[in-house]
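Here's the structure, in structure tokens; my notes come after.
The values are calculated or read from the model by the stated rules, or taken from the named source; none is laboratory data. Because the structure is predicted, anything quoted here is derived from the model rather than measured. With ideal geometry, Cβ positions are generated from the backbone for all residues, glycine too; neighbour counts draw on all protein chains shown. Note: areas computed on protein heavy atoms with side chains; ligands, DNA, RNA excluded. Shrake-Rupley method; radii C 1.70, N 1.55, O 1.52, S 1.80 Å.
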Amino acid sequence: MNSLEDFLANVHKLGFSVIDYNGIKVPYLLVENVQFENIMSKSYGKPNLIDTNLNIYDDGRHVFVNLNINFFNADLEFDFLLYANETIDFFRFLSTAGMLGIAPHESKSSNIFFVQLPKKDQAEKAFELIKSKLN
């Protein structure tokens, strides 16, 4: 991506929501139903080794974060580009919960696949960095 327009064109369009999980607000990304079913079918009932990385890009005014989720045992990898200027709450909840959810965006069920972040402290540092770049 070479321009602000490129970044904006590639932002995750389905958005996110937040669920209260045992008194903790956990953010979850909304994904295509097919993508969610693929995650569930390849990982349900199996041991999962999942890594998450946050890559932050900014131009001094606009902050974008690429959230990479790699399911090593299921041979799945996803990248979600979020516009942090408009999704700062997502990163705040991610840093406090240390968990991330993934859910189908067009479903009447409340299925959410939860991922425990392997490095919660990295999410906390990322949130602080994002906040500092937005000020």
- prompt: All other residues with a Cβ under 11 Å from the Cβ of residue 105 taken together, and with Lys, Arg as +1 and Asp, Glu as -1, what is their net charge?
  reply: -1
message: What number do you get for the chain when its Cα radius of gyration is normalised by 2.2 N^0.38 Å, N = residues?
response: 1.03
message: Over the chain, with the other protein chains present, what is the accessible area per residue in square angstrom, probe 1.4 angstrom?
response: 57 Å²
field: For the chain, the longest site-free run once trypsin sites (Lys or Arg not before Pro) in DSSP loop states with at most 15 other Cβ atoms within 10 Å are removed
entry: 14-60
- line: The helix 33-43 Cα axis meets the longest alpha-carbon principal axis of the chain at an angle in degrees, between 0 and 90 and rounded to 10, of 60 degrees
- request: Quick one: net charge around residue 59, please, counting Lys, Arg +1 and Asp, Glu -1 for every other residue with C-beta under 14 Å from its C-beta.
  value: -1
query: Any idea which of 117, 132, 3 is furthest toward the positive side of the dipole for the chain, if Lys and Arg beta-carbons carry +1 and Asp and Glu beta-carbons -1?
result: 117
task: Report the residue, chosen from 22, 70, 53, that carries the largest GNM mean-square fluctuation when the chain is represented by alpha-carbon nodes joined by springs under 10 Å.
output: 22
statement: Computed for the chain: size of charge dipole around the Cα centre, +1 on C-beta of each Lys and Arg, -1 on C-beta of each Asp and Glu, debye to nearest 20, value 400 debye
field: Percent accessible area from carbon and sulfur atoms, region 52-135, protein chains only, probe 1.4 Å
entry: 43 percent
query: Which net charge results when you count Lys and Arg as +1 and Asp and Glu as -1 among the other residues whose beta-carbon is under 13 Å from that of residue 15?
result: -3
- prompt: For region 35-135, what is the relative contact order in percent, using Cα pairs closer than 8 Å and at least 6 residues apart in sequence?
  reply: 26 percent
message: Using a 10 angstrom Cβ neighbour count of at most 16 plus a DSSP loop assignment to flag exposed GluC sites (Glu not before Pro), which longest range of the chain is free of such sites?
response: 33-105
query: Once you charge only the Cβ atoms, +1 for Lys and Arg and -1 for Asp and Glu, what is the size of the charge dipole of region 1-80 about its Cα centre, to the nearest 20 debye?
result: 300 debye
